[in-house]
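Below is one structure, written out as structure tokens, with a few remarks after it.
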Amino acid sequence: MQVSSGNQIDFDVVIVGGGMVGSMVAALLAQHTDLSIAVLEVKRPDAFERGSSPDYDIRVSALSIATQNMFKKVGAWQGVLDRRACLYRQMLVWDGEESGKTHFKADDIGASELGHIVENRVVQLALLDVLDASENIDYRSGVRLRKCVQGTDAVTLVTASHSAAADDTSSELTIRTRLLIGADGARSSVREFANIAMHTDSYEHHALVATVTTAAEQQDITWQRFMPTGPQALLPLSGSRASMVWYHNAEEISRLSALDDASFLQEMMATFPEKLGELTSVLQRGSFPIVKAHADTYIANRIALVGDAAHTVHPLAGQGLNLGMLDAASLAELVADAHAAGNDIGTRRLLRRYERWRRGDNALMITALDGFYHAFKPQPQPFRKLRSTALSIADNAGPVKQIIMKYAMGTSGDLPRYAK
Ligand SMILES: Cc1cc2nc3c(=O)[nH]c(=O)nc-3n(C[C@H](O)[C@H](O)[C@H](O)COP(=O)(O)OP(=O)(O)OC[C@H]3O[C@@H](n4cnc5c(N)ncnc54)[C@H](O)[C@@H]3O)c2cc1C
């Protein structure tokens, strides 16, 4: 129950970071409990009314089936479809130096789809529809975390207006909570306040992401070609649009970023696979460094980290957000069960169960993506042949292919019930 006195408010749960993962934790908890929940976010995303067609967000994500299941469970999936999403049924991965390839098709495992490509803003807004309609959620944007003190029975936070100067205390608010969830992204301040170390390693790759229009209508396929300089990928968007991802070293990405649109399109058509066809315009471009990071622990006294606050992975397999969503569903399930049983929702025991559930799986994915990254770096011929043969074996061996596909769709392993 939310209780307030003066400039102090008590909530059962406080989530710092109302991005995609933080909003999902809030939506799941609101649906399955009567806990009072505060979501503190620096910036609310700009509105995108259903049925309208504003500019495309440069940041897009491939949502797995498990993530889609969560959206359906909290009633946010229609909000995604009503705005903009592109279904895909196939995934083609091939070795640009050798002949090996793997072609995943939803049909192969009797599924109707492999997932959807959705703009990050759409993901966030569809969840915000749910948060805004939930009576037990207090969503506050324009606020920033200033202080965080851990006690035995509660965590006490001090927040202030995002725009306030560091020495301006006029907008400060004290909030006490039994459980603080850090969903505030890769540079998490909750993680910092909790003194949790993060092991970080930068890849040589940077990613240049471009939203383009194509002469051909997009089909229901995502593809990725592995080159020694880094992967090149296409994610289809609605209509004749696509999100292209070009991984390369930092110097090349900054050279490409500096080109004018016409020269950039020309270079892209000359470098990307022919099947891309003609590119007619570039709508947006942006570049990101690629970092691998894993927090030493996901928990501290009455604190849990979820999503990028706990881990970031190489985006080549489009798994970062999906892993964060599984964190969200696992933590929400444990908290909802503890609350239903009349137990404290912030005990060390509960939080350790959460960490045991998620940290090993996330570590495995970080290692697997690392393996992919290294396998496709420049390699001597015998290794290249081996790598290419492995892709072809994965393409032809039915059971192996099915296991990989189910893993990519997020439908294998120890799934939280909200993701099923
Ligand atoms: C190029 C690229 C492509 C990618 N493609 C995919 C893909 O296809 N599929 C996929 O699954 N993943 C993909 N990812 C990864 C994915 O984008 C991230 O894993 C995901 O955004 C993490 O979500 P999050 O909610 O944990 O963190 P964030 O998205 O970083 O959200 C954190 C939120 O917290 C807020 N915040 C931060 N600090 C504070 C504070 N002090 N107080 C209050 N609020 C705060 C921020 O404003 C933000 O809203 C990609 C990443 C990159 C770089």
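The values are calculated or read from the model by the stated rules, or taken from the named source; none is laboratory data. Computed from a prediction, not measured in an experiment: that's the story for all the values here. Backbone-built Cβ (ideal geometry, glycine too); neighbour counts: all protein chains shown. Keep in mind that these areas ignore ligands, DNA and RNA; they rest on the heavy atoms of the full protein, side chains included. Shrake-Rupley method; radii C 1.70, N 1.55, O 1.52, S 1.80 Å.
Within the chain, how many Lys pairs sit with Cα atoms under 13 Å apart, leaving out pairs fewer than 8 places apart on the same chain? Please list the in-between numbers first.
On the way: K72/K420; K73/K420; K101/K385; K101/K401; K105/K401; K105/K406; K406/K420.
Counting lysine pairs in the chain gives 7.
So how do I137, I109 rank on accessible area, 1.4 Å probe, biggest first, that is with the largest at the start? Walk me through the intermediate numbers first.
Working: I137 20, I109 40 Å².
Largest accessible area first, the residues go I109, I137.
Based on the Kirkwood radius over alpha-carbon pairs, what is the Stokes-Einstein translational diffusion coefficient of the range 184-265 at 10 °C with 1.306 mPa s viscosity, in µm²/s? Don't skip to the end; give the middle numbers.
Details: Rh = 15.3 Å.
The diffusion coefficient I find is 104 µm²/s.
With both labels modelled 7 Å from their Cα along Cα-to-Cβ, the H103 to S257 distance reads 3.7 nm.
In debye, nearest 20, what is the charge dipole magnitude of the chain about its Cα centre with +1 on Lys and Arg Cβ and -1 on Asp and Glu Cβ, if you could check? If you can, show how the numbers build up before the last one.
Numbers: 42 positive and 48 negative charges, 192 e Å.
Around 920 debye, computed over the chain.
Rolling a 1.4 Å probe over the protein heavy atoms of the chain, with every protein chain left in place, gives an accessible area that is 50 percent carbon and sulfur.
Cα-based radius of gyration for the range 174-324, normalised by 2.2 N^0.38 Å, reads 1.27.
For the range 1-109, the alpha carbon positions stretch 68, 31, 28 Å along the principal axes, listed from largest to smallest. Taking θ as phi - 60° and the Karplus parameters 6.51, -1.76 and 1.60, the scalar couplings of the range 301-313 work out to 4, 6, 10, 9, 9, 9, x, 5, 5, 9, 7, 10, 10 Hz in sequence order, x denoting glycine and proline. Sparse packing (at most 10 other Cβ atoms within 10 Å of the Cβ) combined with a DSSP loop state is found for the following GluC sites (Glu not before Pro) in the range 27-111: E49.
Can you give the FRET efficiency for E217 and S112, using 1/(1 + (r/R0)^6), R0 = 25 Å, r = Cβ-Cβ distance, to the nearest 0.05?
Numbers: r = 20 Å, r/R0 = 0.81.
For E217 and S112, the calculated efficiency is 0.80.
Treating each Cα of the range 251-322 as one equal point scatterer and applying the Debye formula with no solvent, the log10 of I(q)/I(0) at q = 0.17, 0.21, 0.25 Å⁻¹ comes out as -0.80, -0.98, -1.14. Taking every protein chain into account, the 1.4 Å probe leaves L173 with about 30 Å² of accessible area, to the nearest ten. When only alpha carbons are used to place a centre, the range 144-186 and the range 286-356 end up 20 Å from one another. Between the range 32-101 and the range 236-281, the C-alpha centres lie 23 angstrom from each other. Using all pairs of distinct alpha-carbon atoms, the Kirkwood hydrodynamic radius of the range 254-295 works out to 12.2 angstrom. Surface analysis of the chain yields an accessible area of 43 Å² per residue, using protein heavy atoms and a 1.4 Å probe. Distance distribution note for the chain: the fraction of Cα pairs above 30 angstrom is 44%.
Helix-only mean residue ellipticity at 222 nm, the chain, DSSP H runs n ≥ 4 weighted -39,500 (n - 2.57), per residue, nearest 500. What is it? List each step's numbers first, then the result.
Details: 11 runs with 145 residues, N = 420.
Result for the chain, helices only: -11000 deg cm²/dmol.
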